[in-house]
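Here the structure comes first, spelled out in structure tokens, and everything after it is commentary.
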Amino acid sequence: MAAATGEVLERAILEDPDDLAGHAAYADWLTEQGDPRGEFIHVQLALEDPSRSADERKALKKREAELLDKHGAQWRGDWAAQIERSGPSGRGQMEFARTDPDRFFVRGILASVALDQVNSACATAFVRSQQTRLVRELRIGGWLYEEDNTQEEEPARSIMASWPYFANLRVFQLGWTSDENYGDFCHFQCHLRADNTAEWIERMPRLEELYLFADSVPTGRIFQLATLEHLRIMQIYHCWEYPLELLAANRAFANLSHLLIHPKADGAWGEEPAPYLHFDAIRALLHSPHLPKLTHLRLRLTDMGDPGCEEIVHSRILKRLKVLDLRHGRISDEGAKVLASSPDLRNLQHLDVSRNQLTDAGIRLLQAAVASLEASFQHSANEIEEGTYLYNGDYE
């Protein structure tokens, strides 16, 4: 009976992670069972209370540290000791994973986990760990190559696929990304394989945020999944294929507010420069009736140019967009004129047309029409024809 009560309380937290009363009820039950996690949850809940005095907060922080020092390793599980710490530095979530594993706890629950380069030992321990059953945010930097394994190049990836709690995830990230503000140096690399991610994501019916920074994501399958009804943010970088027409036709994306795409570099490989993000697919996206909540749109490394600007205005998508990012493109002053002439452009909070083909005249038109504009590092006409814009931002 006690176990059943615990499962009911845990399910309630999974269904509504923002319900403080649900966390408090779970904490009370744990305390009744003699489990110190109950006190830990109450302490972290109290630290969220803005009415607490400085002295109270100091005492709570001290108690929090004491509980973590005594019980933290047990509450995290054996996998935490297996985190690989040999990866490169300075990439956001990875540094978080390496330096502060106790931040995995949210309101006393092991809820947010970020792993650097996952080896087979870490993956095995993570999959077997009962402590991971309430994790709702999982970020993985990549898979550690293990030379002594003769059967499979990336055993950790296959092992991780058997984790039984994918259904509890609300946030999933695979791969670390580089800084978006890369200035005049705009090359970063990605060799991370992710060809099985569609199978993983299909097991995440609660998913709200999806971040994929890998070069083999099966975007076509993901864009057709009917299980992503709660998805709000989707960011997919470094891929070869973006069949946006499939996404545009999928009713499951009705809650999508952020669509952020940055493909691989030049898609021609020695032939005429060509992008991986095509105008016909973009047109389908702009006119989709299934994206009523889309407010943040990032479409980079495209050749849609000035006709694309006309299509953006014609689609009326500017009526609901707050941020539009068209970095790395072929937009000239004619496209800037088309955008600036639309009264709907004033709805934007920010417009990014960096690394296109604008002159000072076109930039001034846009500056007068939007609250915030980024238009740095413009290309010449020759650079556009040579496809220089398609080599920016993602390099193999």
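Some observations on this one:
- Evaluation of Arg206 against (1) touching a His at 6+ places or on another chain (Cβ under 7 Å); (2) free of Cβ contacts under 8 Å to residues at least 40 places away in the same chain; (3) over 21 Å from Gly142 (Cβ atoms) (one fails), failing number: (2)
- Odd one out for Gly362 among (1) surrounded by 20 or more Cβ atoms within 10 Å (Cβ to Cβ); (2) assigned to a helix (DSSP H, G or I); (3) within 30 Å of the chain's Cα centre (by Cα): (3)
- The set of residues in segment 39-54 being among the small types (Gly, Ala, Ser) and touching a Gly at 6+ places or on another chain (Cβ under 8 Å) is empty.
- Taken as a whole, segment 154-161 holds at least one residue that is in contact with a Lys or Arg (Cβ under 8 Å, 6 or more places away or on another chain) and modelled with pLDDT of 80 or more.
- Residue within segment 302-312 that is assigned by TED's automatic domain parsing to the domain that holds Phe223, among the β-branched types (Val, Ile, Thr) and under 19 Å from the mean Cα position of the chain (by Cα) present: no
- When residues of segment 188-229 are limited to those that are in contact with a Gly (Cβ under 7 Å, 6 or more places away or on another chain) and not in a strand (DSSP E or B), the one modelled with the lowest pLDDT: Cys190
- Residue match in segment 365-379 (condition: surrounded by fewer than 19 Cβ atoms within 10 Å (Cβ to Cβ), touching a helix residue (DSSP H, G or I) at 6+ places or on another chain (Cβ under 6 Å), under 27 Å from Ser257 (Cβ atoms) and among the polar types (S, T, N, Q)): no
The values are calculated or read from the model by the stated rules, or taken from the named source; none is laboratory data. On a predicted model such as this, the values are computed, not experimentally measured, just so you know. For neighbour counting, all protein chains shown are included, and Cβ atoms are generated from backbone atoms with ideal geometry for every residue, glycine included.
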